[in-house]
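Any read-out appearing in this document is the output of simple, stated calculations on the displayed coordinates, not a laboratory observation. The shown structure was predicted, so the numbers you read here are calculated from the model rather than taken from an experiment. Cβ sites come from the backbone with ideal geometry, for glycine too, and all protein chains shown count toward neighbours.
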Amino acid sequence: MKRGVIALMLLVFATVTELNAQSKAIYFLLEKGQEKGFRFNHVKCADGNYKAELFNVFFGADTNMITLFTALPDMGYRVPKWQEIKLDTIKHKLITPDTLYKQYYTAIDRFAQSFYMKGIDRETEASKFKREDIKPIIKIEGKYYTPSSPTLMEYFGLQKIDPSKSEWYIFNVFPNQSQIFEINIEIPVFSLKKFEEEYQKRFNHPSFNSGSGPDYYNWHYAYNQPILLRNNSIMINGETAYKFWTLASWMIDGKNNERGIDRFAYIPGTGIVSGAFTYHFRYSNKGQINTAPEDLLLANYLADIQLMPYEIDGKPVKK
């Protein structure tokens, strides 16, 4: 009897928690076949154990920014959970493409101003580049659905300047100068494996970036602002996919979604088609998925294991 009461209480608590999360959420409608001022690609990924769904949103023909929505599996599950939603009940919570687009550039301006203007909190502005409160809505057979499991929305700038011909070379190699998470396929390759090998030689333990070394929690490390670096490229469906990895300290806040999609592969014109979400799979507190063994997380990181695409816009990915 007591077990039944406890189970009922847990169910009620989980339901209330989910309803509270939904009440705070705002939504962005992804709908094809209409002139919305944007286009999006739907990518389904898996690593053999877990699945995630990625939505790359491009604004305009010559866009220099991607908005990436990711639906992740919830605690105790291996796939994202979706629920039907009635548009007329959340119309006041829908944001327009124009709002989403402008929000990115407003965040850039505000973050830049925080360096020389009082009254602007830098951490608050930086947090707007990676958010969990904006959820995607998709249309399937005339009905609308949104993830009921965790989601992440991220902004990425697309940098097209050739560093060998630009005075902005340093800026493009180290985009943490602005913390805007810029993707530049022209920057030199500096592989994650090479970085870890050199770090291990020097300090005799895994780096702070792996979340396993003794200095992983150091807030004041020189690289605690994320740096996006290029890894070796791979081929996906006959196209070159440029791999990137994030160099950043692990904060002590538990979930640490500042890292976002920790490692990923990007195809120009298609978007981000694979990724690793170590921040999400690392912790089990506050509704996060059950913690994977530390040695497995480290092994996956060193081998650059990612959730790879098995479908891009409804088309199977060739193995």
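Some values worked out for this structure:
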item: Cross-link table LYS44/LYS139; LYS128/LYS315; LYS130/LYS243, entries beyond 26 Å C-alpha to C-alpha; result: LYS128/LYS315
item: Efficiency of FRET from Cβ geometry, ASP88 and ILE305, R₀ 30 Å, rounded to 0.05; result: 0.10
item: Nonlocal amide H pairs with TYR144, under 5 Å, H built at 1.01 Å; result: ILE85
item: Net charge of Cβ neighbours under 12 Å - reference VAL189; Lys, Arg +1; Asp, Glu -1; result: +3
item: At R0 = 35 Å, FRET efficiency that the Cβ-Cβ distance of ASP313 and ALA112 yields, to 0.05; result: 0.50
item: Partners for LYS32 among aspartates and glutamates (Cα-Cα distance below 20 Å; same-chain residues under 8 apart left out); result: GLU53, ASP62, GLU84, ASP88, ASP98, GLU141, GLU311, ASP313
item: Spin-label pair ASN237/ILE95, simplified geometry with 7 Å Cα→Cβ offset, distance in nm; result: 2.8 nm
item: Sparsely packed chymotrypsin sites (Phe, Trp or Tyr not before Pro) within the stretch 103-160, loop by DSSP, other Cβ within 10 Å at most 13; result: PHE115, TYR116
item: J(HN,Hα) series, the stretch 64-81, from Karplus relation 6.51 cos²θ - 1.76 cosθ + 1.60, nearest Hz, glycine and proline x; result: 10, 8, 10, 9, 10, 9, 10, 9, 10, x, 8, 4, x, 10, 10, 10, x, 9
item: Chain lengthening between VAL189 and ARG122 when straightened (0.36 nm per residue, less Cα-Cα); result: 21.1 nm
item: Footprinting exposure proxy for LEU296, LEU152, LEU54 (fewest neighbouring C-beta atoms within 10 Å first); result: LEU296, LEU152, LEU54
